[in-house]
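Okay, structure first, notes after.
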Amino acid sequence: MKLLVTGGAGFIGSNYIHYILAEDPEAQVVNFDALTYAGNLENLAGIDKDPRYTFIKGDITKPNAVAAALEAHQVDAVVHFAAESHVDRSLHVGTRTFILTNVLGTQNLLDACRAHKVARFVHVSTDEVYGSLGPEGRFTEASPIQPNNPYAATKAASDFMVRAACHSHGLDAVITRCSNNFGPYQFPEKLIPLMIANALEDKPLPVYGDGCQVRDWIYVEDHCRGVDAVLRKGKTGEIYNIGGSHDVPNLDVVRRILAILQKPESLIKYVKDRPGHDRRYAIDASKIERELGWQPRLDFDTALRKTVAWYLEHRTWWERIRSGEYRKYYAAMYGNR
């Protein structure tokens, strides 16, 4: 199978490329990534020497670039991770880039896949499109779409464009919606890597509001296995929730990180809550478990310890991101976006 993976230099995309090349000796991967602030080819160190791997610096918001990549490589499937994904950026920096990338970029991919007769399109979405849960229950694939922030709204819009391409034009497309990921190569503005990095530098750990917002956490490799199961066995036009079945308050996550690192809880600093901050997410992943035989392999505490250990062992990686050094290298090599 030859895959075009969008956003393959990002957190989840790079983990997926690591996974697929390790698990499937017949797989070939074309990594199509714009190398925005969240894209880092250091996430794929070593893989660039694999003859089964090709990198293209390309932007999904530019239809000609997308079409050229598909025409040149004749891929069997597209696995679409590329997205503007940080909620705070969508709230405070502006929504235009989110609309261009998440909505228009996805439509460009859909159009190109139809034109080049790509056999399958896997759209990687998020549980945030469902909005916020009350104190009980879990999101199912039939839960109403009620996004509460600009990022989630643009992801919901892209989900609908994928659905429309499938039902109107017969494109073989499937959608995954996953809970909060964590693990290696996660950009250090996200909760878990931010808290690990700040704790290691004895800096304050900013916690929104009262810290009792609940998220369902999944180790990134478990998510990648779920995406691969959907790619290979998912039913056309279907949606599959992927979750870790471990929903825990953010404050609890922060305290566990401090305990693992043997740092004091006095580093926790409560800050003003995010506007429209969803209170609780929790995924019902019974459909993918029942129909495709997928289940998460790592429990939360084991995966968190493994993640903390990775950031301890790869301190240079995240320090280069926090300093901005990694961007200077790519600007010199590929030019600024």
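The values are calculated or read from the model by the stated rules, or taken from the named source; none is laboratory data. These numbers come from a predicted model, not from an experiment. For neighbour counting, all protein chains shown are included, and Cβ atoms are generated from backbone atoms with ideal geometry for every residue, glycine included.
Based on this model, can you work out whether LYS117 counts as of a type outside the set (A, V, I, L, M) and surrounded by 21 or more Cβ atoms within 10 Å (Cβ to Cβ)? It is false that LYS117 is of a type outside the set (A, V, I, L, M) and surrounded by 21 or more Cβ atoms within 10 Å (Cβ to Cβ). Looking at LEU44, LEU3, just one residue is farther than 30 Å from THR316 by Cα, crowded, with 20+ Cβ neighbours inside 10 Å and not aromatic (Phe, Trp, Tyr), and that residue is LEU3.
Within segment 177-187, being under 18 Å from HIS246 (Cβ atoms) and either over 11 Å from the mean Cα position of the chain (by Cα) or not in a strand (DSSP E or B) (or both) holds for SER179, GLY183, GLN186. Exactly one residue out of GLY39, GLY58 is surrounded by fewer than 23 Cβ atoms within 10 Å (Cβ to Cβ) and either at pLDDT 95 or above or closer than 25 Å to TRP310 by Cα (or both), and it is GLY58.
Being touching a helix residue (DSSP H, G or I) at 6+ places or on another chain (Cβ under 8 Å), assigned to a loop (DSSP other than H, G, I, E, B) and under 22 Å from PRO188 (Cα atoms) is not true of GLY237.
When segment 137-150 is limited to residues that are surrounded by fewer than 16 Cβ atoms within 10 Å (Cβ to Cβ) and without any contact (Cβ under 8 Å) to a residue 60 or more places away in the chain, the one that is farthest from ARG232 (Cα to Cα) turns out to be GLN146. Taken residue by residue, segment 16-28 has no member that is in contact with a Phe, Trp or Tyr (Cβ under 6 Å, 6 or more places away or on another chain), crowded, with 24+ Cβ neighbours inside 10 Å and under 25 Å from LYS190 (Cβ atoms). Residue check: is ALA229 touching a residue at least 40 places away in the same chain (Cβ under 8 Å) and farther than 17 Å from ILE175 by Cβ? No.
When ALA152 is tested against (1) within 14 Å of ASP278 (Cβ to Cβ); (2) part of a strand (DSSP E or B), just one condition goes unmet, and that condition is (2).
Within segment 286-307, the set of residues being closer than 17 Å to ASN15 by Cβ and touching a helix residue (DSSP H, G or I) at 6+ places or on another chain (Cβ under 7 Å) comprises TRP294, PRO296, ARG297, LEU298, LEU304, THR307.
Based on this model, can you work out whether GLY134 counts as surrounded by fewer than 21 Cβ atoms within 10 Å (Cβ to Cβ) and either in contact with a helix residue (DSSP H, G or I) (Cβ under 9 Å, 6 or more places away or on another chain) or among the β-branched types (Val, Ile, Thr) (or both)?
No; evaluated as a whole, the condition is false for this residue.
Does any residue of segment 180-203 turn out to be among the basic types (Lys, Arg), surrounded by fewer than 24 Cβ atoms within 10 Å (Cβ to Cβ) and more than 28 Å from VAL162 (Cβ to Cβ)? Yes, the conditions are met somewhere in segment 180-203. If the condition is being closer than 24 Å to GLU71 by Cβ and within 17 Å of the chain's Cα centre (by Cα), then segment 11-35 contributes GLY13, TYR16, ILE17, ILE20, ASN31, PHE32, ASP33, ALA34, LEU35. Could you list, ordered by first residue, the pairs with Cβ atoms under 8 Å in which the first is in segment 251-270 and free of Cβ contacts under 8 Å to residues at least 24 places away in the same chain and among the charged types (D, E, K, R) and the second is surrounded by fewer than 17 Cβ atoms within 10 Å (Cβ to Cβ) and outside any helix (DSSP H, G or I), at least 6 apart or interchain? Matching pairs, first to second residue: none at all. Among residues of segment 309-327 that are more than 19 Å from LYS263 (Cβ to Cβ), those with a beta-carbon under 8 Å from a residue that is hydroxyl-bearing (Ser, Thr, Tyr) and surrounded by 13 or more Cβ atoms within 10 Å (Cβ to Cβ) at least six positions away or on a different chain give the pairs TRP317/TYR185; ARG320/TYR326; ARG327/TYR37.
Yes or no: ALA164 at negative phi, surrounded by fewer than 17 Cβ atoms within 10 Å (Cβ to Cβ) and at pLDDT 95 or above?
yes
In segment 254-324, counting only helices (runs of 4 or more DSSP H) that sit wholly within it, the ones holding 2 or more residues that are among the basic types (Lys, Arg) and modelled with pLDDT under 95 span 315-323.
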